[in-house]
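Down below is the structure, laid out as structure tokens.
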Amino acid sequence: LYSEKRWRENCQRFVGAFKKHFSDFQPLFAVKANPNPELVRMTIEEGFGCDCSSESEVWLANKLGAVGMHTGNYTTASELEYVISSSKLILNLDDESMIPTVARFGMPETISFRINPGITQGGMASLFLAGSDAKYGIPFEKAGEAYVRARNAGAKHFGIHMMTGSNILDENYFYIITKKILEIIRIIKKETGIIIEFMNIGGGFGVPYRPDEGSLNIQKVADVARNAYKEMCADGYIKPPRLMAEPWRYISADAGWLVGRVAVIK
């Protein structure tokens, strides 16, 4: 059972915190967290797009008329073709080796890459999704090469994405990762001349699971992200990219209950 009131409050709190500093902020709901069509529809009504990671999630986003992003890992050619041909979603590639496959179906004018910025944090070791041992994303040292290959294949507009860990409760960590991705954007421009127009700082917005854990202060998260922008964009070398983020458990975790009936007592 889900509380519509609580679900919408979580959406509104999240969006409001970032909109205070980023007027064009675009939140995306990670559909894998809960693909119930009615819940996804409510989230879209609250101003969210969809963050999809499978063909079925893209199908659902299409049915609901959602914008957003598709981020796959070891994505098949057929799924890439489906995203390109049928959806409004930005294709976010996990690896530059997929560029030739995408080009076969027509390189989109707008493309994004998932970058491994080399740092990570999470609620437990299994939730560390970046760093030297992670399978996700292009190593940041090779980011420029990927963007040049995409530009040569016909892409004209570029974004950047990272997802470094899940269930993070340290607000200051979001300052670290936002600053790091902006540093990478500056390096990409210096090395290639390519301008990154939007950046997705991923998810990882945590919730407390234990009595001794405090709740994440989402307004402070937005504040420190803004501080990182001010530091890295102050000299005018890069234009502040449009900010995106993709919460999941922050929206859904405390809005539902599992309700059952005892069938047998042995």
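The values are calculated or read from the model by the stated rules, or taken from the named source; none is laboratory data. Owing to the predicted nature of the structure, the values given are computational and were not obtained by experimental measurement. Backbone-built Cβ (ideal geometry, glycine too); neighbour counts: all protein chains shown. All accessible areas refer to the heavy atoms of the entire protein, side chains included, with ligands and DNA or RNA removed. Shrake-Rupley method; radii C 1.70, N 1.55, O 1.52, S 1.80 Å.
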Just to be sure, is ALA245 under 20 Å from the mean Cα position of the chain (by Cα) and either modelled with pLDDT under 95 or under 26 Å from LEU39 (Cβ atoms) (or both)?
yes
If I ask for residues that are closer than 28 Å to VAL207 by Cα, open to solvent by 20 Å² or more (accessible area, probe 1.4 Å) and not in a helix (DSSP H, G or I), which ones from segment 219-251 would you list?
ARG242, TRP248
List the pairs whose first member sits in segment 7-26 and is free of Cβ contacts under 8 Å to residues at least 24 places away in the same chain, whose second member is assigned to a loop (DSSP other than H, G, I, E, B) and open to solvent by less than 10 Å² (accessible area, probe 1.4 Å), and whose Cβ atoms are under 7 Å apart, counting only residues at least 6 apart or on separate chains?
LYS19/PHE25
TYR147 being among the hydroxyl-bearing types (Ser, Thr, Tyr) and modelled with pLDDT of 95 or more:
yes
Within segment 55-76, how many residues turn out to be modelled with pLDDT of 95 or more and open to solvent by less than 40 Å² (accessible area, probe 1.4 Å)?
8
Look through segment 187-218, keep the residues that are surrounded by fewer than 16 Cβ atoms within 10 Å (Cβ to Cβ) and in a helix (DSSP H, G or I), and return whichever of them is nearest to the chain's Cα centre (by Cα).
ILE187
